[in-house]
1. Yes or no: SER9 at pLDDT 90 or above and of a type in the set (Gly, Ala, Ser)?
2. May I ask you to verify whether GLU84 is at pLDDT 75 or above and either surrounded by 10 or more Cβ atoms within 10 Å (Cβ to Cβ) or part of a helix (DSSP H, G or I) (or both)?
Amino acid sequence: MLYGYKNTSTNEVYELTQTWDEKVKYLEDNPDVRTHFSSMPEFISGTGLEGKSDDGWKENLSRIAAAHPQSALAEKVGGRSVKEAKKASILKKHGRDKKGNYNMGDM
């Protein structure tokens, strides 16, 4: 693994290829050396449901949505049958949530 270091007394920044155990030993043997990150770590954004997905992934999402027709995934992916969609629409129209409880609104 490639690790970045900075020598606090000389301000030298460098990288070494080491195992984790070698890194730990190196830092113990060199008290003026600190771990250094030369750039910000990259983060993954999004949930994977947006943008391009291959057909295999879309098929898996559809199967999961079909198995859980009252889920948010089913609403997003469209994994509900026509009958289930109509039933959900009627329940929503009459103020019932997905679990069958009445929604009395703000009282």
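1. Here the answer is yes, as SER9 does meet what is asked.
2. No.
The values are calculated or read from the model by the stated rules, or taken from the named source; none is laboratory data. As the structure is a computational prediction, the values presented were derived from the model and not from experiment. Virtual Cβ from ideal backbone geometry, glycine too; neighbours counted across all protein chains shown.
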